[in-house]
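This report concerns only the one structure given below.
The values are calculated or read from the model by the stated rules, or taken from the named source; none is laboratory data. None of the values given here were measured: they were computed from a predicted structure. For neighbour counting, all protein chains shown are included, and Cβ atoms are generated from backbone atoms with ideal geometry for every residue, glycine included. All accessible areas refer to the heavy atoms of the entire protein, side chains included, with ligands and DNA or RNA removed. Shrake-Rupley method; radii C 1.70, N 1.55, O 1.52, S 1.80 Å.
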Amino acid sequence: MPVISDTAVVAQTTAMNNHAPAGRIYTCPMHPEVQQDHPGACPKCGMALELIAGATSHPEDDNAELRDMTRRFWVGLALAVPVFVLAMAHVIPALARQPWVDGLTSRWIQFLLTIPVVAWAGWPFFVRGWQSLRHWHLNMFTLIAIGVGAAFGFSTVAMLLPDLFPLTMQHDGKVAIYFEAAAVIVVLVLLGQVLELRARSRTGSAIKALLNLAPPTARQVAPDGDNVVPLDQVKVGDWLRVVPGDKVPVDGVVVEGHSSVEESMVTGEPLPVEKSIGEHVIGGTVNGTGSFVMRAERIGADTLLGQIVDLVAEAQRSRAPIQGLVDRVAGWFVPAVLAIALITFVVWMWIGPEPRLAHAIVNAVAVLIIACPCALGLATPMSIMVGVGRGAQDGVLMKNAEALERLEHITTLVVDKTGTLTEGKPRLMEVLPAEGISADDLLRFAAALEQNSEHPLAAAVVQGAKARNIANTPVSDFRSVTAGGVAGTVNGRAALIGKPAFLRQEHIGGLETLEASNRRAKWLT
């Protein structure tokens, strides 16, 4: 379980898709073998197809289905509430005695308000239900379409043509109607679809957040000067300039200059890494205060960042072992429900009270509507998508859903990166002076030099001096040597801080003992 970073990234779509397939590919989370080049519903399970990472992204219509389902939900809710109130008015004391409660006007209002709820708001469910029957992949939309259609169709015929029913089913010349059942069920299923699509939208933002790590443009080095070009125009072999504070555009090798690059997105370590000629840099990492020229070696989906995005997308689409059991259960569930509904109808027609036909139809429809396997079919893939997406946002990548499921049995977690378990900010813990100098004097000289330095550890030294109430000391003749150290004059005495190679260049002796002490300290750590 590689840890990529200990900081969350900001979600926003960018141009990392420059080497993705030209067409957009949509697939089903439950059935990855189902793929097509346009949005829609899976013919096997009815779930909305999702855009595969790496295909060209169009943010303006990524959430088109969510917006459509949300609009259908709110319109359906606004129409279903008065239908429900009118249908339940006979059990409300304040309304039960009103003459219009079970009158023709109330029935017509329920009918007219239910038509758009079923015919427009619930239309996608009928389309998916028909596809499931046509392909003979029965799913939850099969039950929804049959149940809602039966409730609405029966109620419409009962209201418009009551004489078709026997007198035993009539009360004062009217047959019972169930428009509120059809309308409320459609609204409840729409609510479930909106919640599902919102969860999937938030999960997709994890991939967009990773894509945002790459800059949208690059500085291309040309004979007549640098040119800022879109990232998708960068080619392998191009020379690119990276200035202080910029993100490295693609993977490559430094050919000129020197700088320190913050690579926590890959290693989890908070301290920048020194980069000089011949060393590799990774696209999406952040350059420090130096400037360098790099040669592009891997671009687009071939970069390390592109491979991370593919890994996250593949993990989200992978299937956990438990999902095989869920699929087998769901495969038998829908036919079993249809069989139970048929048995319910037959039993009520055989031994039910009068009017038997009315009771048989109502109870059979109730079985179809109530036994919707939404949670059974969606819980496993949705939990995988949300879990993998949330982990990616926090810098934790899962290879596949099986690894996520096996986490339950882990008892020991071994981590080899200190930066992933700490605050990511260096802090001065101890000062070890040589003989003949006090710790405060050593820290006073060091802080005086480091207050002018931009090295990541300089701030820790300065803050450590402040914590020990050591006053600032002015420094003169300050100079900084790239990839070496700093030097200056403090209180009339020459002072240097830096790497052993830098100190040797300045003819400082006794470094063998210091290096041996450092090696021992690292070994003990």
Pop the C-beta distance of Met429 and Arg67 into the FRET formula with R0 = 45 Å and round what comes out to the nearest 0.05.
0.25
Enter the accessible area of His137 (Å², nearest 10), with the probe set to 1.4 Å and all protein chains included.
70
Taking every other residue with Cβ under 14 Å from the Cβ of Pro272 and scoring Lys and Arg +1, Asp and Glu -1, one gets -4
Please list, ordered by chain and number, the residues whose modelled amide H lies under 5 Å from the amide H of Lys275; skip anything fewer than 5 residues away on the same chain.
Ser259, Ser260, Val261
Heavy atoms of Glu262 accessible to a 1.4 Å probe, total area in Å² rounded to 10
60
For Thr217, the residues 5 or more places away or on another chain with a placed amide H closer than 5 Å to its own amide H are Leu231
Vicinal HN-Hα couplings computed from phi for the stretch 211-221 (Karplus, 6.51 cos²θ - 1.76 cosθ + 1.60; Hz; Gly/Pro x):
4, 5, 5, 8, x, x, 9, 9, 9, 8, 7
If ligands, DNA and RNA are left out, what is the accessible area of Trp108 with a 1.4 Å probe, given in Å² to the nearest 10?
100
If amide H atoms are built 1.01 Å from N in the plane of the peptide, which residues on other chains or at least 5 residues away come under 5 Å of the amide H of Ala41?
Leu49
Listed residues Lys425, Lys174 arranged by accessible area, highest first, probe 1.4 Å:
Lys425, Lys174
Past the 21 angstrom mark, what percentage of all C-alpha to C-alpha distances in the stretch 207-302 do you count?
24
Cα→Cβ-extended label distance, 7 Å offset, between Ala89 and Trp108, nm:
1.3
Starting from the residue with the highest accessible area, list Arg444, Arg468 in decreasing order, probe 1.4 Å.
Arg468, Arg444
What are the ³J(HN,Hα) couplings of the stretch 252-265, residue after residue, when phi is run through the Karplus curve with 6.51, -1.76, 1.60 and θ = phi - 60°? Round to Hz, x for glycine and proline.
x, 10, 6, 10, 8, x, 7, 6, 10, 10, 7, 10, 4, 5
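With every protein chain kept in the model, how would you rank Thr289, Thr142, Thr489 by accessible area, 1.4 Å probe, largest at the top?
Ranked list, largest accessible area first: Thr289, Thr489, Thr142.
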If you plug each phi of the stretch 228-245 into the Karplus form 6.51 cos²θ - 1.76 cosθ + 1.60 with θ = phi - 60°, what whole-Hz ³J(HN,Hα) values come out, in order, with x for Gly and Pro?
7, 10, x, 4, 6, 9, 6, 10, 4, x, 5, 9, 10, 9, 10, 9, x, x
